[in-house]
Every structure is written in structure tokens, then in C-alpha cells.
1. Of the conditions (1) modelled with pLDDT of 85 or more; (2) of a type in the set (A, V, I, L, M, F, W, C); (3) not in a strand (DSSP E or B), residue 159 clears all except one; give me its number.
2. Restricting to the stretch 297-333, count the residues that are outside any helix (DSSP H, G or I) and either surrounded by 17 or more Cβ atoms within 10 Å (Cβ to Cβ) or not charged (D, E, K, R) (or both).
3. Answer yes or no as to whether residue 356 is surrounded by fewer than 20 Cβ atoms within 10 Å (Cβ to Cβ), aliphatic (A, V, I, L, M) and not in a strand (DSSP E or B).
4. Among the residues of the stretch 210-258, which ones are surrounded by 11 or more Cβ atoms within 10 Å (Cβ to Cβ) and of a type in the set (Phe, Trp, Tyr)?
5. Which of the residues spanning the stretch 111-121 are surrounded by 15 or more Cβ atoms within 10 Å (Cβ to Cβ) and either in contact with a Phe, Trp or Tyr (Cβ under 8 Å, 6 or more places away or on another chain) or aliphatic (A, V, I, L, M) (or both)?
6. Is it the case that the stretch 398-420 has a residue that's in a strand (DSSP E or B), modelled with pLDDT of 80 or more and touching an Asp or Glu at 6+ places or on another chain (Cβ under 8 Å)?
7. Identify, please: which residue in the stretch 92-134 is in a strand (DSSP E or B) and not hydroxyl-bearing (Ser, Thr, Tyr) and is, among those, nearest to residue 81 (Cα to Cα)?
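The values are calculated or read from the model by the stated rules, or taken from the named source; none is laboratory data. In this text the structure is predicted, and so the values were computed from the model without any measurement. Neighbour counts are summed over all protein chains in view; Cβ atoms, including those assigned to glycine, are modelled from backbone coordinates with ideal geometry.
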Amino acid sequence: MAHSGPHALLPPGTPGAALTDTAWVEVLAAVDKTYSELVAYQEELETRNAELDAMRRFMASVFASVSDLILVVDRDFRIEEASGSVAALLGADKLGTPVSALVTEADWPMVEAALRQACDQRRPTSIEAAFRSTDGETPIDLSIAPRIGDRGRTRGAVLTGRPLAELRRAYSKLADSHQQLKEAQTHLVRNEKLASLGRLLAGVAHELNNPISFVYANTHAMEKSARKLEQYFEAVQAGASRDELIALRESLRLDREMGNLRMALEGARDGAERVRDIVEDLRRLSADGTGEMAPFDLVTTAQAAVNWVRRGSKRDVRIVTSGLPEVIAVGRKGHIQQVLMNLFQNAIDAVEGVAAPEIGIEIGTVAREAFVRVTDNGPGVPPALAATIFDPFFTTKEVGKGTGLGLSISHKIAEEHGGSLTLDDACEGASFTLTLPAPEPRP
């Protein structure tokens, strides 16, 4: 083996020759270690490059597919990255293009000021600006956020925007849908009130027919008595003798006719008063409830509602009332009467198959609130249905006998008045409580 270097002529076995072999082994080990580290570093670098390339492709696909406008600009406000929608809408997405080339001349000073504010103050801002597009000018709702580098320095800004034409069309559709929903809700409330009135029309017609027929029959009796009295007074005027008048009075039975006349007058007066009461209840029911909130007597309102429901009922239901003789609540009287009619009608429907039907009505005040509690001895509300009893179109009645809107509308009316309508835990039957605000006490 040939040797070279400063110790090449040293004979084998000398101290210098041994030192050279050890150094050579260490050099080779160091070279192998360095080579292994280089290989590992190269593999790690290739892995990082692959991850970076995948991330770059992913970001490119996101930028290409996103529908909103996205512009990444440097500190000179030149485009570094752009979404595919920029080219589709604005017709320009070349890298290096200044943002000023995309914005209209009139709005560029405002956009430039917003960009500088976002970069200098390092906080996002929003503006509305007009961009040059293929169709002319497009208003865009623009959000500008600063780009912060690794060392905490501002590297530029990110602009995201959406054309306001789409937003305005969406808002217009939303407003139209809201208006249609409001109109449908008003229509449903009106239909429910008309349905409630329709259920009562037969009973009301019968209730009006009875006193009117009574008055009509009594007028015939009074007309008959009036003819006999006219015959008697004609004889008096003709100068008939006392004996002739006594005989005529007995033949005409004037004493009995006078009693019949009094009875006919009393009956006609009673019938007219019944008609008056029905008309008064009708006036209260038809009162417009869209005015301002005002104090009203909850007891008389409940009584009027009970009268209407009882007139339309086919059965005689025992109604037990309790509470205070006068309870003042604050609200729209017509709306509250509709709620009470719904509660009473539901109670009467619930006791339809009960042998001894009974409905309890309690009216009073508690904690500066007025309340009406309506209970019945019907089958009650199953616990599984208690959570959905106030949902729209939910009903336990047969098809054609209920719309499922009565309790839902009543619940909404109670909330609009600042009160509540709740289903109580009852041992027997069902129990609903309507609460309303009471007027402020006078000092």
C-alpha cells in the first residue's frame, strides 16, 4: 500500500504512523455523519416542498372557486393573489396590477384611505365602493384587513367583497317574503275570528228569533185587546146606559183582557231587553281591537264572551264563576274578548261527552297582574301533547271541527299584551290561565 503526506516515510509501528490511522478513521466517521445529515435534510426539504406545493395548489383551487371577491395586495397596493371571481366580474386579475385600476376614479381616494388606515392602524375596516366591471360599474361591499408578517410587520392587505346587487336582491326577496308572511298571518287571524263567529251564528240566530217571535206574538195579543177596548169606548161615546156598558164589558171580558194586556206588555218588554242585550254583546264583539292599550273591566268582557259561546252551544253547560266583582286589566278589549271566546269554546268542546259538564271561571289579580282561569271537567290534555298545545295548526279535534289556530293566536295575542297564556297542571280536565298587565296604582 502506498503512503503519501507528511508521515508517508515513517516506518510502520512508529507513534506517528499510529496517530495517522486514528485521525483517518475519525475523518471518515465525520464525513459519513455529515452525509447522513445532508441526506436527512434533503428528504425533509423535499417533504416540506411537497407540502408547500400541495398547500399552494389548495389555495389556488380555493381562490379559483370562491364566489366572493378576494384580493391580496402588497404595501404598494398591487395584486399578489386574486380569486377567480375577480376575473369573471371585473375582467382583470393579473398579478402586479394596482388596485386603483379596478376601482372607479371617483371612489379610489376613499378605497386608498381605507387601505392605508387598515395597514397603519392594523385593524379591519369596511366600506362600499364602485368597481369597474365588464357591465360598467358594480357596487361592492368591501372589507379590508391588514396582512401581518412573521416579524410583526405589515406586508399589505386582504380585500374581500361581495357585489351589493346580489345582497339587495336577497334583501328584497326577504322583505317580500316577510310581507307575505305578515299578510298570511293577518289572513289566518281574520279567518280564525270568522270561524269562531260562524260557530256562533246558529245559536245567535236562534237566540234572536226567540225574543223577536215573543214580541211579535204579544203585539197580536195587544192588538186583539185594543180592538175590544175600542168597541167598549165607542159604546161609551155613543151614550150607552150603565146597564148596557156593564153587559158589554162582561161580554167582551174586558177584565181578563186587561190582565192579558199587562202580560203582553211585560212579555214584549222582556223580549226587547233580550234583543238589546244580544245587540250590545254583538257591538262589543265587533269592536275594533287595533287601537291603543287601555284599561277595561275583565269581568264584563269575560261575561260577554261567555254569553256568546253559550248561545252557540247545543248543550246546557253549568258554569261556575268565582273571584272579584271587578278586575281592571290593560290591553285591547276586542282582542282579549276573542282570546276568552276561544278558551270558553275549547272548554265547551272538551266537555261534550261528559255526563255532567261543568266549566269554572275564576277572575282576580295577583302580583299586579289580572288573570282569568278557565277550567273544565273534560278528559284533559295528555302530558305528551302539553308541549305542542300552542303550536300553529295543532288540534285534537276531528277534521273539519277545528283549525288548530285558536290557542296559537290566543297565545300570541297574550304575549303582545305583555301577558301570558299557559296550560296549568290540573288534577281533572284542562285548565288555562290568561294573565294581563294591571294598571299602575295611583299614588
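1. Here residue 159 meets the rest and fails (3).
2. Looking only at the stretch 297-333, we keep the residues that are outside any helix (DSSP H, G or I), and these are 297, 313-332.
Checking which are either surrounded by 17 or more Cβ atoms within 10 Å (Cβ to Cβ) or not charged (D, E, K, R) (or both) leaves us with 313, 317, 319-325, 327-332.
Count: 15.
3. Working: surrounded by fewer than 20 Cβ atoms within 10 Å (Cβ to Cβ): yes; aliphatic (A, V, I, L, M): yes; not in a strand (DSSP E or B): yes.
Considered against the rule, which asks whether it is surrounded by fewer than 20 Cβ atoms within 10 Å (Cβ to Cβ), aliphatic (A, V, I, L, M) and not in a strand (DSSP E or B), residue 356 comes out as yes.
4. Correct list: 214, 216, 232.
5. Residues of the stretch 111-121 surrounded by 15 or more Cβ atoms within 10 Å (Cβ to Cβ): 111, 114-115, 117-119.
The answer is 111, 114, 115, 118.
6. Step one: filter the stretch 398-420 for residues in a strand (DSSP E or B), giving 420.
Now drop any that are not modelled with pLDDT of 80 or more, which leaves 420.
Now restrict to residues that are touching an Asp or Glu at 6+ places or on another chain (Cβ under 8 Å): none.
No: zero hits.
7. Step one: of the stretch 92-134, the residues in a strand (DSSP E or B) are 98, 103, 125-133.
Keeping just the survivors that are not hydroxyl-bearing (Ser, Thr, Tyr) gives 98, 103, 127-132.
On the way: 98: 12, 103: 17, 127: 21, 128: 21, 129: 20, 130: 20, 131: 18, 132: 18 Å.
Residue satisfying both the conditions and the ranking: 98.
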